[in-house]
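Chemist: If you scroll down you'll find the structure; I have some questions about it.
The values are calculated or read from the model by the stated rules, or taken from the named source; none is laboratory data. The shown structure was predicted, so the numbers you read here are calculated from the model rather than taken from an experiment. Heads up, the Cβs are rebuilt from the backbone with ideal geometry, glycines too, and the neighbour counts pull from every protein chain shown. For the accessible areas, the whole protein counts, side chains as well, though only heavy atoms, and no ligand, DNA or RNA atoms are used. Shrake-Rupley method; radii C 1.70, N 1.55, O 1.52, S 1.80 Å.
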Amino acid sequence: MLGAPFRLHGRDAQGVDCVGLAMAAFARAGWSGRAARPYGLRSGDAARACGWIDETGLVRVADAAVGDLMLVRPGPLQLHLMIRVEGGHVHAHAGIGRVVETPGACPWPVIGVWRMPRQGE
């Protein structure tokens, strides 16, 4: 989905936000968990966001590996989801207006990391 347009609450190749990108990526990887609840870009409530992600059926882990979902805080009242890839992260960048790959370490504080459950979990 690299290059797909950014669209708030978007859920397909016509446009995605960070939640839509995560849902699409995990679905393509075979995940059939529950969708995230409704949300706002500027909620800032990390505990609530972590609870919503926990409810999807993804498993919280301590350290990010390739393919994991990361909840980060790019600003005081803003939360954002990124997917860890080899050498960086993929995310729906509202400022650039599309899904991008950002090389290197995450530039923002990481609040939590989740991954798809192993088969049988």
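Chemist: Could you please find all residues in region 76-99 being small (Gly, Ala, Ser) and in contact with a strand residue (DSSP E or B) (Cβ under 8 Å, 6 or more places away or on another chain)?
Modeler: 87, 88, 92, 94, 97
Chemist: Give the residues of region 83-102 that are surrounded by fewer than 18 Cβ atoms within 10 Å (Cβ to Cβ) and either in contact with a helix residue (DSSP H, G or I) (Cβ under 7 Å, 6 or more places away or on another chain) or over 26 Å from residue 12 (Cβ atoms) (or both), sorted by residue number.
Modeler: Selection gives 87 alone.
Chemist: For region 72-79, state whether one or more residues are modelled with pLDDT under 95, open to solvent by less than 40 Å² (accessible area, probe 1.4 Å) and within 23 Å of residue 27 (Cβ to Cβ).
Modeler: Taking every residue of region 72-79 in turn, at least one turns out to be modelled with pLDDT under 95, open to solvent by less than 40 Å² (accessible area, probe 1.4 Å) and within 23 Å of residue 27 (Cβ to Cβ).
Chemist: Which pairs have Cβ atoms under 9 Å, sit 6 or more apart or on different chains, and link a residue in region 37-66 that is within 11 Å of residue 114 (Cα to Cα) to one that is modelled with pLDDT under 90 and among the aromatic types (Phe, Trp, Tyr)?
Modeler: 56/26; 56/31; 57/31; 58/26; 58/31
Conditions (1) in a loop (DSSP other than H, G, I, E, B); (2) within 19 Å of residue 52 (Cβ to Cβ), marked per residue:
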site: 71; (1), (2): no, yes
site: 74; (1), (2): no, yes
site: 80; (1), (2): no, yes
site: 83; (1), (2): no, yes
site: 90; (1), (2): no, no
site: 95; (1), (2): yes, no
site: 100; (1), (2): no, no
site: 107; (1), (2): yes, no
site: 112; (1), (2): no, yes
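Chemist: In the set 22, 13, 62, which member is modelled with pLDDT of 90 or more, under 22 Å from residue 94 (Cβ atoms) and either surrounded by 13 or more Cβ atoms within 10 Å (Cβ to Cβ) or out of contact with any helix residue (DSSP H, G or I) (no Cβ under 7 Å at 6 or more places or on another chain) (or both)?
Modeler: 22 is the lone residue from the list that is modelled with pLDDT of 90 or more, under 22 Å from residue 94 (Cβ atoms) and either surrounded by 13 or more Cβ atoms within 10 Å (Cβ to Cβ) or out of contact with any helix residue (DSSP H, G or I) (no Cβ under 7 Å at 6 or more places or on another chain) (or both).
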